[in-house]
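Worksheet: the structure to be examined is printed underneath.
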Amino acid sequence: MMHRGRTRMMALAAVASLLVVAAGCGNATDKMARKASEKMIEHAADGDVDVQIGKDGNVVVQGEDGNFSMSGEDGTFKMENEDGSFSSEAGKVPASWPDDVPLPSPFEVQAGSEMMDAGGETYSTVGGTTSISVDELKTFYAEALSEWEEVTNSTSSVDGRSHVQSAYETTNRTVTIMITEVDGPTQLNISHTLDTDG
């Protein structure tokens, strides 16, 4: 079930994505560059926010719909409003990630995020790389989630590289898995949704 809070939070995230670009100006000594980035974000939010970008790359946005912050040093991003909250951090699995949805070993976490809305839904994601092959990962999750209902299972190939997408469901919970064959390690992106209002 898609809650109103999820839709609104996604809209806010679209504005907040500009922070990633703006953070790149953080270490610049050119004050004009930082001010231009601040104005760009404020304009995207129809002027309803106040933006401050520091020399250290830290970004703070304050507005009626909530407060947003991002650290240019460790890749953390947080925002919160009346509809819920969203946070992401480079190199870390979100605290809400369930123990019964395992991550492979070895696995290098590139980023993790979690969104919690006021309607009772928690959406967590983890992305990273592993030396495990696409087929081995597919088997790993089929066995790990064997008691769940598999609702999606597709494999495609682009330029000779495999891409697998699968989804599993159980009571009030959904896991979506995307496995991509790339140059070097295999890319894995996995999400978990818990809908306590469902």
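Considering only the stretch 171-189, state which residues are of a type in the set (S, T, N, Q) and either under 22 Å from the mean Cα position of the chain (by Cα) or closer than 17 Å to THR125 by Cβ (or both).
Scanning the stretch 171-189 gives ASN172, THR174, THR176, THR180, THR186, GLN187, ASN189.
Tell me, please, whether a residue that is open to solvent by less than 40 Å² (accessible area, probe 1.4 Å), of a type in the set (Asp, Glu), part of a strand (DSSP E or B) and closer than 26 Å to SER96 by Cα can be found in the stretch 158-178.
no
Taking only the stretch 137-149 into account, find how many residues are surrounded by 14 or more Cβ atoms within 10 Å (Cβ to Cβ) and charged (D, E, K, R).
Count: 1.
For residues in the stretch 179-194 being under 24 Å from LYS92 (Cβ atoms) and touching a helix residue (DSSP H, G or I) at 6+ places or on another chain (Cβ under 9 Å), which is surrounded by the fewest Cβ atoms within 10 Å (Cβ to Cβ)?
If we take residues in the stretch 179-194 being under 24 Å from LYS92 (Cβ atoms) and touching a helix residue (DSSP H, G or I) at 6+ places or on another chain (Cβ under 9 Å), then THR180 is surrounded by the fewest Cβ atoms within 10 Å (Cβ to Cβ).
Quickly run through the stretch 182-197 and pick out the residues that are assigned to a loop (DSSP other than H, G, I, E, B) and of a type in the set (A, V, I, L, M).
Residue satisfying the conditions is VAL182 alone.
Search the stretch 86-108 for residues being touching a helix residue (DSSP H, G or I) at 6+ places or on another chain (Cβ under 8 Å) and either at pLDDT 85 or above or not hydrophobic (A, V, I, L, M, F, W, C) (or both), and hand back the single one that is surrounded by the most Cβ atoms within 10 Å (Cβ to Cβ).
Among those residues, the one meeting the criterion is VAL101.
Give the residues of the stretch 120-135 that are within 16 Å of HIS192 (Cα to Cα) and either surrounded by fewer than 21 Cβ atoms within 10 Å (Cβ to Cβ) or not polar (S, T, N, Q) (or both), sorted by residue number.
Passing the criteria: GLY120, GLU121, THR122, TYR123, THR125, VAL126, GLY127, GLY128.
The values are calculated or read from the model by the stated rules, or taken from the named source; none is laboratory data. Every value quoted in this text rests on a predicted model; they were computed, and no experiment measured them. All Cβ positions, glycine included, derive from the backbone under ideal geometry; neighbour counts span all protein chains shown. Protein only, heavy atoms only, side chains kept; ligands, DNA and RNA dropped before computing areas. Shrake-Rupley method; radii C 1.70, N 1.55, O 1.52, S 1.80 Å.
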